[in-house]
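Since the structure comes first, as structure tokens, the remarks are kept for the end.
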Amino acid sequence: MPILRIQNLFGERINVLAGQTVLQAIQAAGIDWMYACGAKGRCTTCRLVVTTGQLYFGPLSLAELKFLSQGRLQENERLLCQCTLTGGDACGCIPEQTKFPHVVYSD
Ligand code: FES
């Protein structure tokens, strides 16, 4: 089962099950994560800055392609409500802009 490690959340390790979006796996792990549009691919608040394992997130969704073309999503970022993780592990960081004030981050 692929594991996503969140570097600036004290290296939290999240098991991502087959058929789950990465956001669903994060929520199942009880981690508070921003998803302002309700996981509909209409905002970019669920994004993760991917540091390793980008190829394991699967193809970009139409929403991600749209935000990329608008410059609202970077090449090294994924919308976690839009993607799965299969075939290998990955690491990433929560962007500064989408951190919660009530959550303690490690850097
Ligand atoms: S929660 Fe809005 S795009 Fe993912």
- Task: Identify the single condition in (1) surrounded by fewer than 14 Cβ atoms within 10 Å (Cβ to Cβ); (2) part of a loop (DSSP other than H, G, I, E, B); (3) polar (S, T, N, Q) that Q97 does not satisfy, given that it satisfies every other one.
- Result: (2)
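Of the residues that sit in the stretch 69-88 and are touching a residue at least 40 places away in the same chain (Cβ under 8 Å) and touching a Leu at 6+ places or on another chain (Cβ under 7 Å), which one is farthest from the ligand (Cβ to nearest atom)?
Here is the first cut: in the stretch 69-88, the ones touching a residue at least 40 places away in the same chain (Cβ under 8 Å) are 78, 80-88.
Subsequent filtering for residues that are touching a Leu at 6+ places or on another chain (Cβ under 7 Å) retains 78, 80-81, 85.
Numbers: R78: 10, L80: 7, C81: 3, L85: 15 Å.
That would be L85.
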- Among the residues of the stretch 75-89, the number that are out of contact with any Pro (no Cβ under 7 Å at 6 or more places or on another chain) and surrounded by 14 or more Cβ atoms within 10 Å (Cβ to Cβ) is 8
- Residues of the stretch 23-37 satisfying the condition of being crowded, with 16+ Cβ neighbours inside 10 Å and near the ligand (Cβ under 10 Å from one of its atoms): L23, W33, M34, Y35
- Query: Which of the residues belonging to the stretch 38-66 are surrounded by fewer than 16 Cβ atoms within 10 Å (Cβ to Cβ) and either touching a residue at least 40 places away in the same chain (Cβ under 8 Å) or of a type in the set (V, I, T) (or both)?
  - Reply: K40, T51, T52
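Residue check: is T51 within 14 Å of the ligand (Cβ to nearest atom), hydroxyl-bearing (S, T, Y) and at pLDDT 95 or above? Full working, then the answer.
Values: within 14 Å of the ligand (Cβ to nearest atom): no; hydroxyl-bearing (S, T, Y): yes; at pLDDT 95 or above: yes.
The answer is no for T51.
The values are calculated or read from the model by the stated rules, or taken from the named source; none is laboratory data. Fair warning: this is a prediction, and the values are worked out from it, not measured in the lab. Please note: Cβ atoms are built from the backbone with ideal geometry, for glycine as well, and neighbour counts cover all protein chains shown.
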